[in-house]
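The next block holds one structure in the form of structure tokens; read it before the comments.
The values are calculated or read from the model by the stated rules, or taken from the named source; none is laboratory data. All values reported here derive from a predicted model rather than from experimental measurement. Don't worry about glycine lacking a Cβ; one is built from the backbone with ideal geometry, like all the others, and counts go over all protein chains shown.
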């Protein structure tokens, strides 16, 4: 390598490092509060602080981030009842709620729970067996066996009216761009990339294999009266169907061969990191609590990158114009998205980036943005040790992938074009 | 076609008709005429003579209760309970001049209500009421000695004193843990109404309602699958239009309208039926562009349907025989004519088969081959309509078996053949949920008759 080239590589590397460092450290005001504790840590606290209720809690079935705390769900194998608890981040009281199927006599609350629910009663609870249910009489009150217990739990605040309309519009727009991209790839075919085809198929397969452990991310599918394995089966089947459809679509509408320069990819990754830090998504924080966080994040970035590349292809075809005008239009869309896209910010930035570089590098650019976005969200939201380690590992893997792409491109010219079918 | 082949087809048509008749004859809910007589008798016992004219009888089922009883007492005794002392399957008989009674299909009078008499007799004061109400129980049940009066309430209305008594009858012939109750109403000293009810054991009812809730949850991924399929059809439609491929929009529109119409007749919400109508219209219009689909041989569809119906009925018997449980009293719609049986049976055939056996295999065939794609449709179809069984996997497995059977029918007879097979199968299996009668039998075997005519129709090439 000539000295001038070495200097240029070093300068480029330094610029990239600066860019990445800035994206990771520039102060931002994130939309969601960071989680200091992992969901498993919160579950341990919930099990410690919520009264046992005299019922079997069963296994921890799922969790989700709600406001400044974790909502956790426990359900026994028979599914007759479930316990939800909201564990706040600070030292506030844990809130809990018991939901029971209305038909089983076995759902009578424990004596301890009956006492806890009517603490002012002068006499101890007296058991009353009735047909179809078992009650407690506490003082002058009667606690029905099938009655839900506990108090209301906080829910994620819905978006205000203008923002909600904006989100619906963004989703509709993205759906339309996906259809436009699919039509564009059929009507204006290019050279499909075998590497991306295989990559997307492998990502779908990896996510499918991980589905049995991903049920924890959908606590709302668990219902009283429905056995947890059935709820997990319903969730898993739906996800597998969607993954199958995506894998199939990736074969029908494959990514094109070609890749942008490593510098562009690094810039895209840095943009993704910033987007993730500005508008983090709670679902990704929930994923960071699962043991499969790292492989699932990598596979999801590849799959979502292909999807965003497809939408970017659609956008690129719709704004076919001279280069200057094209960049102005895409810039306006990018700025608008930053203001209005909310949780879709990362995906919208990926679509715009994919449209900006043209068909050849669209998927790589979108993947870089979404990879960076995952790093940004995990770093910003998941403040527990394991979450931060996952963010660092994901960043390191991204750097390794970027370095590999750079070296491969230097050796062969255009890696994706080499692998084109 | 040789004469020998044609003779074989004639024989096959006869066998089909005979098999279909064997599957439907005598299967159905009876007791309508007995119910009318029982209702007259019950009203007579409370001092009301129904006027002449034909009473209007409509059919009702309390699905969860029937299934809970069948689960609590597996086998014929559970079915008999659901249709008798359990009061879950019954006729509502409305007399032309007023008065109404509920009579179970097993002949147990479940309730009776007469018009308020103009001269109801002397008013009973609360001190006398208890004994009089207790004595009146004999007009309602055959075993009054097993019932206990739990409570009496009195009130004054329209110039008379009214009494209402609540009786508790233990479990009687019902399974342990169940309880019978009866409410009896008097005005003055005349009984004007009484009604029985059953309180189930929580566990028995709970297992059934739990399974129903689970199946409703499992339908969601199937709906996701159908939605994905509709998106695929949309993209394929755009592609076909752009490349100016041969499509059949008129045929699609006609099929879509027919599907939506049958859906509305089957009691579906108009919006849902219309949405599915649009989706299948697109599928049918695009069908000529999907050259991977097997050729249409509609004549074999009915044969497949009869075979699948036999498998479905046999499968349920096998689950019961193996110690599991599956409902014997199937879901039924009430107070409707044979047209409802036709609509209920043919709507899923018209709406789902083009999607599951047409669009899905056509879209996925380039990647996984036609048979592989047809296999993909089986889990989607299996999650759409299974009955609540114990174990649940037995029901899902049986439904998946039927879906695989339909895939094989589609392989042999095309999408049209699969539609006919599904319609025939559903008609024969659902027949048992509706009242006995030749018109109901005719509706159930209409598809088989149509299939037999197709089988005997000479091929166009001859």
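Of the residues making up the range A:78-91, those that are touching a strand residue (DSSP E or B) at 6+ places or on another chain (Cβ under 8 Å) and not in a strand (DSSP E or B) are A:80, A:89. Could you tell me whether the range B:65-86 includes any residue that is within 31 Å of the chain's Cα centre (by Cα), modelled with pLDDT of 90 or more and in a strand (DSSP E or B)? No; the residues of the range B:65-86 include none that is within 31 Å of the chain's Cα centre (by Cα), modelled with pLDDT of 90 or more and in a strand (DSSP E or B). Looking across the range A:52-64 at every residue that is in a loop (DSSP other than H, G, I, E, B) and in contact with a strand residue (DSSP E or B) (Cβ under 8 Å, 6 or more places away or on another chain), the one that is modelled with the highest pLDDT is identified as A:58.
Of the numbered criteria (1) within 13 Å of chain A (Cβ to nearest Cβ); (2) touching a residue at least 60 places away in the same chain (Cβ under 8 Å); (3) part of a helix (DSSP H, G or I); (4) touching a helix residue (DSSP H, G or I) at 6+ places or on another chain (Cβ under 7 Å), the one residue B:428 fails is (1).
How many residues are surrounded by 15 or more Cβ atoms within 10 Å (Cβ to Cβ) and either out of contact with any helix residue (DSSP H, G or I) (no Cβ under 6 Å at 6 or more places or on another chain) or on the phi > 0 side of the Ramachandran plot (or both) when one looks only at the range B:7-16? Matching residues across the range B:7-16 total 1. Using the structure shown, decide if residue B:369 is surrounded by fewer than 24 Cβ atoms within 10 Å (Cβ to Cβ), free of Cβ contacts under 8 Å to residues at least 12 places away in the same chain, assigned to a helix (DSSP H, G or I) and more than 12 Å from chain A (Cβ to nearest Cβ). Yes; evaluated as a whole, the condition is true for this residue.
Search the range A:224-240 for residues being buried (at least 20 other Cβ atoms within 10 Å of the Cβ) and out of contact with any helix residue (DSSP H, G or I) (no Cβ under 6 Å at 6 or more places or on another chain), and hand back the single one that is modelled with the highest pLDDT. In this case the residue turns out to be A:228. The set of residues from the range A:215-234 being facing another protein chain (nearest Cβ under 8 Å) and in a helix (DSSP H, G or I) comprises A:221, A:230, A:231, A:233, A:234. Would you say residue B:382 is under 21 Å from residue B:210 (Cα atoms) and buried (at least 21 other Cβ atoms within 10 Å of the Cβ)? In short, yes.
Scan the range A:156-177 and tell me whether some residue there is within 12 Å of chain B (Cβ to nearest Cβ), crowded, with 18+ Cβ neighbours inside 10 Å and out of contact with any strand residue (DSSP E or B) (no Cβ under 7 Å at 6 or more places or on another chain). No, there is no match, as no residue in the range A:156-177 is within 12 Å of chain B (Cβ to nearest Cβ), crowded, with 18+ Cβ neighbours inside 10 Å and out of contact with any strand residue (DSSP E or B) (no Cβ under 7 Å at 6 or more places or on another chain). Applying the criterion of being more than 9 Å from every other protein chain (Cβ to nearest Cβ) and not in a loop (DSSP other than H, G, I, E, B) to the residues of the range B:236-246, the residue that is surrounded by the most Cβ atoms within 10 Å (Cβ to Cβ) is B:236.
For the residues B:233, B:262, B:253, B:280, the requirement of being within 14 Å of chain A (Cβ to nearest Cβ), touching a helix residue (DSSP H, G or I) at 6+ places or on another chain (Cβ under 6 Å) and either under 25 Å from residue A:249 (Cα atoms) or part of a helix (DSSP H, G or I) (or both) singles out B:233. The condition (being assigned to a loop (DSSP other than H, G, I, E, B) and either touching a helix residue (DSSP H, G or I) at 6+ places or on another chain (Cβ under 7 Å) or buried (at least 17 other Cβ atoms within 10 Å of the Cβ) (or both)) is satisfied by just one residue among B:170, B:142: B:170. The residues listed here are B:182, B:137; of these, the one that is closer than 22 Å to residue B:198 by Cα, assigned to a strand (DSSP E or B) and more than 14 Å from chain A (Cβ to nearest Cβ) is B:182.
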